[in-house]
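Colleague: One structure follows; several queries about it will come next.
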Amino acid sequence: MRKSGVLHIDTEILVPFFDVDTMEVVWHGHYVKYLEVARCTLLDSLDHNYTQMRVSGYAWPVIDLQLRYVRGARFGQRLIVRADLVEWENRLKINYLISDAATGERMTRASSTQVAVKIASREMQLASPQVFIDAVNRALEAKAC
């Protein structure tokens, strides 16, 4: 069983025509785009998205990405992409579940790992910047209320 996150967000995606092949099945590479949409929504909910990360002096490149395809999504299908924040103190790790919005059927599982890199020096950080940890802590406190 995948680790549940301390925070999660659900994002709905409607599979567009330009993401499918001639069989009307989503090309496997487009799932990464769906994960990114959910990740951005999660970061927005922390009030510390990619723009704020850059302003704070850090970039967060993806260093690992894993996907497990269960069933192919199709043109016009509504998907729910759940992004679960599972690690944030030393790296940013998010688990994802893509499911059919109508039936709840699991379509894809995934995870991404990102690390903080100081933009000025291009040095990878061994711990997440305090500004990011503070943003997560504020979101956790707000959730507890």
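Colleague: By the scheme Lys and Arg +1, Asp and Glu -1, what is the net charge of all other residues having a beta-carbon under 15 Å from that of VAL136?
Modeller: Working: positive: ARG39, ARG91, LYS93, ARG138, LYS143; negative: ASP44, ASP47, ASP84, GLU87, GLU89, ASP134, GLU141.
So the environment of VAL136 carries a net charge of -2.
Colleague: Something else: So if R0 is 22 Å, what FRET efficiency would VAL32 and SER4 give, r being the distance between their Cβ atoms, rounded to the nearest 0.05?
Modeller: Here the calculated transfer efficiency is 0.50.
Colleague: A further question on this structure: Number of Lys-Lys pairs in the chain under 20 Å by Cα, sequence gap 8 or more or different chains?
Modeller: Numbers: LYS3/LYS93; LYS3/LYS143; LYS33/LYS93; LYS93/LYS118; LYS93/LYS143.
Going through the chain pair by pair, I get 5.
Colleague: Return the whole-Å distance between the Cα centroid of segment 74-145 and the Cα centroid of segment 19-60.
Modeller: Between the Cα centre of segment 74-145 and that of segment 19-60, the gap is 10 Å.
Colleague: Can I ask one more? Say each of CYS40 and LEU14 gets a label point 7 Å from the Cα, pointing the same way as Cα to Cβ; how far apart are those two points in nm?
Modeller: 1.8 nm
Colleague: Give me the one-decimal nm value for the distance between modelled label points at VAL70 and SER56, 7 Å along each residue's Cα-to-Cβ direction.
Modeller: Modelled inter-label distance: 3.3 nm.
Colleague: Cα atoms only: what Rg and Dmax, in Å, come out for segment 1-91?
Modeller: 14.8, 45
Colleague: Please tell me the relative contact order of segment 1-92 in percent, rounded to the nearest whole number, where contacts are Cα pairs under 8 Å and at least six residues apart.
Modeller: On the way: 98 pairs, mean separation 50.9, N = 92.
About 55 percent, as a whole number.
Colleague: At 222 nm, what helix-only mean residue ellipticity would the chain give, in deg cm²/dmol to the nearest 500, using -39500 (n - 2.57) for each DSSP H run of four or more?
Modeller: Details: 3 runs with 37 residues, N = 145.
Only helices count here, giving -8000 deg cm²/dmol.
Colleague: What length, rounded to one decimal in nm, is gained on full extension from ASP47 through to VAL25, with 0.36 nm per residue of separation minus their alpha-carbon distance?
Modeller: Values: separation 22, 0.36 × 22 = 7.92 nm, distance 3.45 nm.
The ASP47-VAL25 span can extend by a further 4.5 nm.
Values quoted throughout were computed directly from the atomic coordinates according to the rules given, and no laboratory measurement underlies them. In this text the structure is predicted, and so the values were computed from the model without any measurement. Please note: Cβ atoms are built from the backbone with ideal geometry, for glycine as well, and neighbour counts cover all protein chains shown.
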